[in-house]
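Every number in this text was worked out from the coordinates using simple rules, so none of it is lab data. Keep in mind that this is a model prediction, so the values were computed, not measured.
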Amino acid sequence: MSSVRSILRGLLASAIGIVVVGLLATVVFTVAIFVVSTGAGLAGYEPSADFVVLSAALVVVAVILTGGFTPRLSNSGSEDSSDGATFDDRTYN
């Protein structure tokens, strides 16, 4: 019975995680649309909604890809750290 409860607990945690990530992605995409639209307005352009959404989507994809590469860059260029801790980068194994 405890194994079923453990599986259900894991399933509930996964479902909550998916909902939270979906909400955060929606907020980030909305902010990106606002930034692109405001930037185009400040530059004197009046793009259609299609181009605003396309630009916001490209910005969000660039942010996601950059977030995937930043763990590699967070070593700050030094091979040995002063406290002896090493950064375990499991993304690129």
- Message: Residue by residue through segment 14-22, what is 3J(HN,Hα) from phi via Karplus (6.51 cos²θ - 1.76 cosθ + 1.60, θ = phi - 60°)? Round to whole Hz and write x for glycine and proline.
- Response: 5, 5, 5, x, 5, 5, 5, 5, x
- Query: In units of 2.2 N^0.38 Å, what is the alpha-carbon radius of gyration of segment 7-69?
  - Reply: 1.49
